[in-house]
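Let me begin by presenting the structure, written as structure tokens, before commenting on it.
Please treat every number below as a calculation from the coordinates, not as lab data. Remember, predicted model here, so these are calculated numbers, not experimental data. No Cβ is skipped: glycine too gets one built from the backbone with ideal geometry, and neighbour counts run over all protein chains shown.
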């Protein structure tokens, strides 16, 4: 997704542990997500999404537990339709986790774009996104712990905002921050609603504590219904009215709203929206199989190539602009010649505690828990030897030379010119201390048009041969990298 690039000219370069921060992708109630990169030998670099818990939540035990749960649970899911967790770390900067960076956009933003343009997502694209989402959820539901016991994981927040549609033609489920599992570190407070009410299953909205995977099936049905109908299903003017609709309002006939959706597909989605859990599909895999088998008979399931082409059509230009902006940012970052300031003291890392990461100079840096090893130098010893030898020669001539005649009018005897002390080399100035990273990062606005490659003015962006990251972008023509203002848009989340 699009990143709002950091202003190097104002704050310099910053990194959290091994990761250099490039820009801010999004900020929610629990954390801020940054676009970051990891560099290594031979020009290696990898772009990731670094999610850092908000500083004011570091002392909140419940939030910290929830955040760590997301990392621990999601890190165990290995499936192409789930955004993988690569690493989790902790330090004075707080807790953070590192995820794969997905080039593309959320389903929520794709629906908002279509609504603002007066169009809708093609049925085949919507169904492919829904099937991918269900495959990823099933993998999460089937997760087992180290002992082989089911974790009984429930996502609890399935919504268009948490479905990432990649430019590679694959949709992925993400954000297990409010997931519930039997093995989670901390219990959810009784009666506390977590998630978005408009996408809650009735049992979740009523405060039932022991949820199972069928709650996610109901939420998935809402997401699919809205993607095909291009309108909200239960969303109302306020949460109380929305809750009432979730609990009581009949589901409108999808085929009557979207004539291009076959009745048999509508019946499958309606089964997922049954208010009693026993009448829904028992698993997301069965839901996905029924949907794919039935829709395939009508040739209404897009392939991954079809979806990749669709993403290129609707946001290809913006992706190219975002890539160029990041490429120019990297060129400016390298041209600055400064070493990134560590955003806080060294921290612990679950996946990197025992390995050294080479920096761009090729000198290995020790793990964050150990002191940094510095390269030794022989220069101080050579300089000391020269000074010592010069002093010995001067002392020898001073003691053996005869005293000269005093100069006229002078009462001070001077040594002969030949016995003058050897000149002492000027001391090498110590390098200036680098200032610590500021508490706040000033965000740079993403330029709508890339700057010329020869730009040298501080803050200007130039060209670069650095490989472009997998990055998406927001709506073309939007100002200052912000989401477009979409009046009367039902998907303006």
*Give the peptides 198-204, 252-258, 39-45 in descending order of average Cβ contacts within 10 Å, highest first.*
198-204, 252-258, 39-45
*Taking square-rooted eigenvalues a ≥ b ≥ c of the alpha carbon gyration tensor, is region 189-313 rounded, prolate or oblate, where a/c under 1.5 means rounded and, failing that, a/b exceeding b/c means prolate?*
prolate
*Apply 1/(1 + (r/R0)^6) to the Cβ-Cβ distance of residue 298 and residue 231, taking R0 = 25 Å, and write down the FRET efficiency to the nearest 0.05.*
0.70
*When you count, for each residue, the other Cβ atoms within 10 Å and take the mean per peptide, how do 5-17, 215-227 rank with the highest first?*
215-227, 5-17
